[in-house]
Structures are given as C-alpha cells and as structure tokens.
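This report concerns only the one structure given below.
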Amino acid sequence: MIYREAGQFKTSYAADQAIFPILQDRIAVAIMMVVALVVIPMFGSDYFLEIIMINVLFFSLAAIGLNLLTGYTGQISLGTGGFMAVGAVSSYKMAILFPDLNIILIFLLSGLFAAAVGILFGLPSLRIKGFYLAVATLAAQFFLDWLFLRVDWFTNASTAIEGVPRSLFGVTITGPAATPVAKYYVALGFVLVFALIAKNLVRSQVGRAWMAIRDMDIAAEIIGIRPLRTKLLAFAISSFYCGIAGSLMLFLFYDSAEPDLFDINLSFKVLFMIIIGGLGSILGSFLGAAFIVTIPVILTNAPDLLGLPISSELAKHLEFMIFGALIIFFLIVEPHGLARLWQIAKEKLRQWPFPY
Amino acid sequence: MTFKRSALGLIAAAAIVAPTIGAAQAAQDGIYIPLLTYRTGPFADSGTPIANGLNDYFQLLNTRDGGINGVKLIVEECETGYKTDVGVECYERTKTKGAVVYNPYSTGITNAIIPKTPDDKIPVLSMGYGLTPAADGRVFPWVFNMPTTYWSQASVFVKYVAQQEGGFDKLKGKKIGLIHLDHPYGKEPIPTLQKLAGMYGFEFVTYPVPPKTMQDQRSTWEKIDDDAPDWLFMWGWGAMNPTAIKGAIDVDYPMDHFIGVWWSGNESDVRDSGKKAEGYLAGEFHGVGDDWPLFDEIRKYVIGKSPSQTPESMLGETLYNRGIMNAVIVAEAIRTAMGKFGNKVINGEEMRWGLENINLTAARLKELGLEGFTIPIRVSCEDHEGNHPVYLKRWDGSKWVKHSDWISPMRNVVRPLIEAEAKKLAEERHLPIRECK
C-alpha cells in the first residue's frame, strides 16, 4: 500500500536510470542520511561510534571492494587482508615520511599502492579460475604478511604500525586524540563517496563487462570484452577499496597495530561478509559488514544488559554458538544473502496488505 | 513460515535495541578493575591461570579485608580470546565504568590500547611484556612495565652465560643462538643481543620460527644441530615452547645451556617432556611453588568460593603466581595512591600516581605473606621499568626450582637503547615529552 510505485512516471532517461527510481526509496535513503549524518553523531555514545559504527563503515568499504572483485567479476580472492595491510602500512609510512601531506590524500594514495599490488597479484587470474585462483590470492596474503613482518623498513623496525595523529581544518581526525565523532565523519565520508562510485561503476559499461566475465568469460571475450583489462581493472579497483579500508582501520580504530592483525582471518572475515550480505550487491556489502560486526557486540553485551550472572568465559562460548547458529540460519533462509532477503521483502511490501 | 518470520522479527528487534548498548554505569561503590582475560581461544591454557591468579588475590582482599582500606574492589572479566579487536572492544566498554588500570597480557592488545590511555587517563600495567620502550616514563607516562623488560632480561641471560663461562672476556668467539617466534614479540631481544655481541665479541645467530608452523620445528632444529651454538636462548609463546623443548631433546642439545624467556617457562611447556627436559632454564621474576603464607590464606578464603574458578592444584603454577604478583602490584599501587589521595574510590589519574610512586619493600612483602616471593619494587618518573634483577629457574624433571641468584640487568647497555627507541616513537607519534624533576 505504502510501498507502491504505481503512478510514478519517468519522463526522462535520467529519471529512469536513477539509483533509486522509486520515491519511497529516495525518502528512506534521505532519512537514513539524516540519521547517519546528524542523529548518530549527536546521540551515539563513544562506545557505539567506535566499536560499532566505525567498524561497520570500514568493513563495508572492504566488503564493497571484495564484492566488486568476487561478486561482480567472479574472481574469488583470499588476499583481502593482505591488500588492507598494504593500505595500512603505506599510509603509515607516508604519514611518517611526509609530515605535511594531507591525511585524506595519504589515504587515497595508500589505495593506489594497494591497487598496484592488487594488479600484480591479479595477473594469475588471466590463466586460472575458481578455487585455483583462490589459492593464488592466498599466496598474496601470505607473502604480504611475511613481507611486513620480516622487512623492518615497512614498520620502521618497531613492533607496531601506528595511526599517526593528523588534523584536517584544525580538527584532529586520526590518532588516539581524535574524538569518536570526528573519526566517524571521516569514515562516513569515505564510505559514502566510494559506495556511490562503486554503485555507479557496476551500473556502467565497466560493471557490465565485469558481470559478463563473471557469467561466462569465453562469451564475454567473443563479444569484445578484453579479459586482461577487465580482470586487472577489477583487481585494481577492488584492492584500492581494500587498501583505503585498511588505512581507515589502522588510523581510525586501532591507532597502533601489529602487522599480523591483517592476517588470513581478516580475509575470511571480509569474505564471509559478502557471502552473508549477498554476492554482487552493494547493499549486501553493507548488510554483511553490519551483521558480522554488530551481532558479536550485541551478544557480548547481552548478559550484562539482561542481568544474567554468567561468567565471561561461558558468555564467550555462548556468543560463538549463537553467532554461528545465526549465520547458518540466515544462509538457510536465503542462500543469496541478506540483500536478496531485502529484495524479497520489497516485493512483498508492494502488495502489502493485500497480497494476491 | 511463522517461525522464520518471528525469528527474523526478533533479530530486527535486536538490531534496533543495539544502539542503546554502551550506556555507562559508573562503579561508584568500589574501585573498578577490569581484567582482559583469555580463558578461551588458542592461548586459553596460559590465560586461565593468569586470570585466576589476578582474580583470587583481589577476591582474597575483598573477603578477608573488605577491600583495600575499606574500599571494595569490583573486578570484572572481559573475555578477549587473545584477539586484538575484541580486546579493544573490551577496553572501550570497560573504560567508562571507572577503570583504574589495565593488565592486557597480550602484546597486540597492549600496543593497541597504549596510544588511547593518555586521553582516557587510565594507566596500563604490562608486567614484563608489551612495548619495551614504554619503560621511558617521560614519553609514556601512562604505561608501566615493571619489574623488568625483554631487553633487560636478554642482558641478564648474557650476564649469566658470562658467569658460567668464567667472565665476559671468555665470551669472545662463543656462539649464542636465539630461537624465536617470527613475530614482533619474538624479535624483541634481537637489537639488545646484537649490541652485546658487538661489545663482547660473541657470534649471535637467530633461528626464527614462523607462527604458522610453530608446531613443526624439525628444520630449525636440524640447523641448530649443525651450527651447534654454545648457548641457546628462546623467545617463544604458546605451542611453540613445548615443541622447541622436544626439538632440543631430539637433537640432544644440552638442556642446561638452553634458556627461555619468562613466557617460555611454564609447567605446560616442559611437563610433557618430563625428565628429559631436566636442566632447562628460564628467566623469572617471582617465586616458584606455593610455599608462602599467602597461598594458605588463598586456600582458606578463596578456593572453592565463587567467583573463583581455581582448582587447588593450580596454586603455585608459574602463570598463576604471575597473576598473583600482578595483582599485588595493582593492590599496592592503589594503597600508595590512597596514602596521598585518601581512602576513597580512586580514579585512573590517582592510580597512575600510585604506580609511579609504588614502594614495595621487603618488609611489606613479608607483611603480605610473600617474603622473598619477588624483589622489592620501585620505579620513578623517568624509569617505569625500575631496572630490577631477574633470576633463572631450572626444571628438575617434575617442577621448577630456583637456580641462580638475582642478576641485575646491564642498565648501561639497555637504558640507552630504550631511550633512543622511545625518542623515535615520540617523534613518530607526536608525543609530548614530560620533564622529570
């Protein structure tokens, strides 16, 4: 009843091709923007901003990155953690070596470094596919892990790389002294801009080429899509996103991190995000990141909030069990991810409350 | 379908309620001490006795004395599973409740929370681990790594070797190896040992063990067998330790020339090898066994009484005793702070003052029922390590025994390294350097 597009006529191509062609969607997005830009920073506690929102944001960015590669181009990658490490290490190095360089520029450049490394490790994708490619990208993960642990130059021979304090327009936005609100806005800014770019990329010629490769690479080649360029572009852009996400993770969340935080587990975490959220969906990247980040936090806090007198150890074990059960539950309900669940809900909403 | 729908509805409801999480409940009726524990995960074997030791001592103070000077201690565990991101979550969750000190027991978590503490005004006590240059209290006023650091300990090992060889001049031409976890923690002693190698003319060789293959060290031990270093030090953790000790037994490396860091000297590391590991040495800064009056008190007041989870057999284990020693330092720092600020619920800043001005004398240790359990501990504004001596303990086939005397570290070598590294970090992180009068 409420969610019906009947009567909304498109009179121009631009209106027809809008990201949100339906008025109700636009209203919902506008409300979400207000919530994200005003309500959350105003009313969210520091804990909520730091532990939930900032985490969801940089993981969303990484998940979008991986989704472009795995969901849209069909190239399975287990190197996400490594590419995030490239971003984190390169932004740390640049922040130390060039103290006057703008921090936003540093983040963008760190994405470029990650993109370059991504292209390098994407080269095998031209010859191998599927699980074999996953193993090749696993090599990227292990090599980068090893490199940053072993070569002291990358970490300045200290045990941890740091999120160097920097400010923008006189406000400290990175490092421990930055307020959670400032950090949140930085993360939000990056995610909004790059989510918009990603959304438009996948609706453009580039995105269609990616999907053609994903669906059948030989057919794609026959109709004139160059696999070399298309696949490497996917690797480059995907790694660019992951690199920036890694920088944000270091500069806005950890402040100081051992390089081995960016290990294979991180790669898996991001991969699970897109599997649960929905492969080949930008919205799914957000939903998956939100699911994987927030559910454990909610479960950790649940005994306290409900006043259950159980030991922290038992609570942790329960958390693992419930989280695991939820993942299985959602995958059974909808193997195509949370994004697909939303799509079904939308179709049902159209007819609500008079389904036929 | 109804089940599916109601379950989805529940989850949606949970997602809506979630933002209310994190509302701070300040602990006004007692001193709030959060413990970041790891009773789960791959290092649970080590994390459990540490957590029990800390918990039991605070529980003893609460039940026997009614807290410290009449102020109750509120101890809350936050389970990290040794994961850094979960540790940060625990830190953010507990800091608003009035936390006075953090004891992270993980290099990763220590590193991640050190930059956050000056703004939150809560001190970190990383007792003998964590960030070594934090011993420079001018750069890291909020971090304490008393009684000693990895670098100091490395110098103690070299000093011990010199004693055994008959003087520092006899070190010339000797070969000293280091088998270490190939990880920032494992590489900690390398700069110190390199410097000492240059000073005394011994050859220094490293044998890195990658964390991913730490349970298969055959190739490493074959290499050690070929090189035959005169002495071998070990910086290991978790499953690396017992594997390395078995490796040493396999190649017949002389156990009394094999010295582990204080994280490589747990019962679980040598118990499996039993008699064969006899003679293996490890650094230590607190007592072994449970031969102190305090342990009788713990048996009487704490064991078997909730929330203590300690089985009686755990008393006197290395890591349990380390938890006790950690708790003693925390409690004495609180007492010190109360001496200046009054017997009330102190805050993080007052706790920091207490830690910096701690004076744990031999007489005080005796009062606590821990005579000779550890050395008297004092630190200063500029030195948060305190340059305390370390001793070596020996595995006699069934238990640890005290082996050497307390050996002082080579401060003239270690301190300049610490200051130089601290200065470098201060520049990188734009940290203010505090004047110490």
### Message
Restricting things to Cα coordinates, could you compute the convex hull volume per residue of segment A:20-351 in Å³?
### Response
160 Å³
### Task
Compute the convex hull volume of the Cα atoms of segment B:130-223, divide it by the residue count, and report the result per residue in Å³ as a whole number.
121 Å³
### Query
Treating the beta-carbon of each Lys and Arg as +1 and of each Asp and Glu as -1, no other charges, what is the dipole magnitude of chain A about its Cα centre, to the nearest 20 debye?
1220 debye
### Message
For a quick check of your reading of the filter: which trypsin sites (Lys or Arg not before Pro) in segment A:4-79 sit in a DSSP loop and have no more than 15 other Cβ atoms within 10 Å?
### Response
A:Arg4, A:Lys10
#### Entry: Along each principal axis, Cα extent of chain B, largest first, Å
69, 66, 50
### Summary
Between B:Arg335 and B:Asp405, the FRET efficiency computed from the C-beta separation at R0 = 35 Å comes out, to the nearest 0.05, as 0.75
### Message
Can you give me the Kirkwood hydrodynamic radius for the protein assembly as shown, using every pair of distinct Cα atoms, in Å to one decimal?
### Response
28.2 Å
### Task
For segment B:113-252, calculate the relative contact order in percent as a whole number, restricting contacts to Cα pairs under 8 Å that are 6 or more residues apart.
21 percent
### Task
Report, to two decimal places, the Cα Rg of segment B:150-284 normalised by 2.2 N^0.38 Å (N = number of residues).
0.96
### Query
Roughly what would the spin-label model give for A:Ala28 and B:Lys175, points 7 Å off Cα along C-beta, in nm?
7.0 nm
### Query
Which angle from 0 to 90°, rounded to the nearest 10, does the C-alpha axis of helix B:150-165 make with the longest principal axis of chain B?
30 degrees
### Query
Say R0 is 30 Å: what FRET efficiency, to the nearest 0.05, do A:Ile119 and A:Ile19 get from their beta-carbon distance?
0.60
### Query
Just in segment A:103-196: which trypsin sites (Lys or Arg not before Pro) are loop by DSSP and have at most 12 other Cβ atoms within 10 Å?
A:Arg127
#### Entry: Surface/4 of the Cα convex hull for segment B:297-371, nm²
6.0 nm²
### Task
Can you work out the PRE-style zone for A:Ala177? Point 7 Å along Cα to Cβ, and I want the residues of segment B:408-437 with backbone N under 14 Å.
B:426-434
### Task
Please state, as a whole number in µm²/s, the translational diffusion coefficient that the Stokes-Einstein equation yields for segment B:343-399 at 4 °C and 1.567 mPa s, with Rh defined as the Kirkwood radius across alpha carbon pairs.
94 µm²/s
### Task
Give me the orientation-averaged projected area of the Cα convex hull of segment B:381-437, in nm², one decimal.
6.1 nm²
#### Entry: Electrostatic dipole magnitude of the protein assembly as shown [Cβ: Lys, Arg +1; Asp, Glu -1; Cα centre; debye, to 20]
2160 debye
### Query
How much FRET efficiency would the formula 1/(1 + (r/R0)^6) give for A:Leu349 and A:Ile104, where r is the Cβ-Cβ distance and R0 is 45 Å, rounded to 0.05?
0.70
### Query
Using all Cα-Cα distances in segment B:37-191, what percent lands in each 5 angstrom bin from 0 up to the longest?
2, 8, 14, 17, 17, 15, 10, 7, 5, 3, 2, 0
### Query
Any idea what the relative contact order of chain B is, in percent, if you count C-alpha pairs under 8 Å spaced at least 6 apart?
20 percent
### Query
Which order results if B:Ser268, B:Ser126, A:Ser312 are arranged by neighbouring Cβ count within 10 Å, fewest first?
B:Ser268, A:Ser312, B:Ser126
### Query
Sorted from fewest to most neighbouring beta carbons within 10 Å, what does the list B:Ser46, A:Ser12 look like?
A:Ser12, B:Ser46
### Task
Would you be so kind as to identify which of A:Gly243, A:Pro41, A:Ala115 lies farthest towards the positive end of the dipole of segment A:20-351, taking Lys and Arg as +1 and Asp and Glu as -1 on Cβ and the Cα centre as origin?
A:Ala115
### Message
Out of all Cα-Cα pairs in segment A:152-252, roughly what percent, to the nearest whole number, are more than 20 Å apart?
### Response
56 percent
### Task
Enter the mean number of other protein chain beta carbons within 10 Å of the beta carbon of each residue in A:307-316, as an integer.
5
### Inverse of mean 1/r across different Cα pairs in segment A:52-196, Kirkwood, Å
16.4 Å
### Task
Would you please give the residues with an amide H less than 5 Å from that of B:Leu36, counting only those at least 5 places away or on a separate chain, with H modeled from the backbone geometry?
B:Cys78, B:Asn103
### Query
Percent relative contact order of chain A, based on C-alpha pairs within less than 8 angstrom and at least six residues apart?
30 percent
#### Entry: For B:Val209, residues with placed amide H under 5 Å, excluding near neighbours
B:His180, B:Leu181, B:Asp182
#### Entry: Cysteines without a disulfide-compatible neighbour (Cβ-Cβ under 4.7 Å), the protein assembly as shown
A:Cys242
### Summary
Candidates A:Met273, A:Met94, A:Met84; GNM for chain A (alpha-carbon contacts under 10 Å) flags as most fluctuating A:Met94
### Query
Taking amide H positions as placed 1.01 Å from N in the peptide plane, with prolines and chain starts having none, which residues 5 or more places from B:Val75, or on another chain, fall under 5 Å of its amide H?
B:Ile33
### Cα-projected label distance for A:Leu37 with B:Lys212, points at 7 Å along beta-carbon direction, nm
4.5 nm
### Task
Can you find, among B:Gln59, A:Ile225, A:Ala160, the residue farthest towards the positive end of the dipole of the protein assembly as shown? Put +1 on the C-beta of Lys and Arg, -1 on that of Asp and Glu.
A:Ile225
### Message
Please give me, ordered by residue number, the trypsin sites (Lys or Arg not before Pro) of segment B:73-152 that lie in loop per DSSP and have at most 16 other Cβ atoms within 10 Å.
### Response
B:Lys97, B:Lys121
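Taken together, the values in this text are just the output of simple stated rules run on the coordinates, not laboratory data. Just so it is clear, the structure is predicted and the values come from calculations on it, not from any experiment. Glycine also receives a Cβ, built like all others from the backbone with ideal geometry; neighbour counts cover every protein chain displayed.
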